[in-house]
1. Can you list residue pairs whose Cβ atoms sit under 6 Å apart, with the first residue in segment A:46-69 being aliphatic (A, V, I, L, M) and the second being in a loop (DSSP other than H, G, I, E, B)? Count only pairs 6 or more apart in sequence or on different chains.
2. Of the conditions (1) more than 7 Å from chain B (Cβ to nearest Cβ); (2) open to solvent by 30 Å² or more (accessible area, probe 1.4 Å); (3) under 20 Å from B:Phe50 (Cβ atoms), A:Glu91 clears all except one; give me its number.
3. Where in segment B:1-83 are there strands (runs of 3 or more DSSP E), lying fully within it, with 3 or more residues that are within 8 Å of another protein chain (Cβ to nearest Cβ), touching a Pro at 6+ places or on another chain (Cβ under 6 Å) and open to solvent by 40 Å² or more (accessible area, probe 1.4 Å)?
Number of protein chains: 2
Amino acid sequence: MKFKIRTAKQEDCKEISRMIMDLAVYEKMPEQVKISHRELERDGFCHNPFFECLVAEVPEEHKSSQGHTTVGYALYFYTYSTWKGPSVFIEDLYVMPEYRGKGIGSGLMAKVAQVGKEKKCVRLQLSVLDWNTPSLDFYVRKGAQDLTASEGWHALRFDGEALDKLAAEAPKD
Amino acid sequence: MKFKIRTAKQEDCKEISRMIMDLAVYEKMPEQVKISHRELERDGFCHNPFFECLVAEVPEEHKSSQGHTTVGYALYFYTYSTWKGPSVFIEDLYVMPEYRGKGIGSGLMAKVAQVGKEKKCVRLQLSVLDWNTPSLDFYVRKGAQDLTASEGWHALRFDGEALDKLAAEAPKD
């Protein structure tokens, strides 16, 4: 099937938002999604955007059962390693179920890697849930190292009251 | 002991670079450090910087045995959750051994949390090595959740040839 990968425009945020929810349902945490297309439009298309995004499109004749032609997305941003320098991090990589196995996911990831290399990134990173073996296998097949398994890296998070409490402890200037 | 936390200036990169190496030695991977103060000066102090940094300073009379007054740093950048919105990620948090237990590490982290909240970040995240129990305990005591333990998130990385191969597979526009 023919598909096209392009940089997302602000007008794509409604479609991206729809797929973010689809992905959250797949990851078994739909109630966790607190932002809508409005926040995406604000945070990704401002002067210093928090993220960049690619979308995958299929021609009208291959539109989905619900009539969608935007069938996948990769949302990413830049991080920094104090050992190696700039890196690109893929927050979300998603292809609608009926469009999987056609190289769209691989195409989106390869495009992010290409964009990252153009920005002199020396790493591409992402996080995967350990029970999500299809994705884990997909990435490892493509050459990813599992740093949690090999080096023991754990992801920690502060949010809600823990974050408020932390910020309140900041020394006065 | 009196100490001051301030935003890093480009001139601080030599001192930050010295402490990055100290931290890598502590993390048992000093040979992994491939960048110097020159890359930090370029990547952190350009138009769209890849990171922001805070440094902790002590007064001249408390300078270290090697004569340093810059005794700690926190290097961080902004990431994005498609479920919650902007987040701040601490890449490195370091205090020189002879200055630990004086609240400098807590002060640096609290200041990053404060800066993050000013940018409307709803999360502060970081990665810790599982054998590094002093740091793990320090963060958990402050209210951090271990997402790898609780939700099973694994960190994956592509670099070197794997990244080159990925980028080479990008579909032509």
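1. Final answer for the pair search is A:Val55/A:Ala8; A:Ala56/A:Phe3; A:Val58/A:Phe3; A:Val58/A:Thr69.
2. A:Glu91 satisfies every listed condition except (1).
3. Numbers: elements: B:4-7, B:52-57, B:70-81.
Once the strands (runs of 3 or more DSSP E) in segment B:1-83 are filtered for at least 3 residues that are within 8 Å of another protein chain (Cβ to nearest Cβ), touching a Pro at 6+ places or on another chain (Cβ under 6 Å) and open to solvent by 40 Å² or more (accessible area, probe 1.4 Å), nothing remains.
The values are calculated or read from the model by the stated rules, or taken from the named source; none is laboratory data. Because the structure is predicted, anything quoted here is derived from the model rather than measured. Neighbour counts are summed over all protein chains in view; Cβ atoms, including those assigned to glycine, are modelled from backbone coordinates with ideal geometry. To get the accessible areas, we keep the full protein, side chains included, count just its heavy atoms, and leave off ligands, DNA and RNA. Shrake-Rupley method; radii C 1.70, N 1.55, O 1.52, S 1.80 Å.
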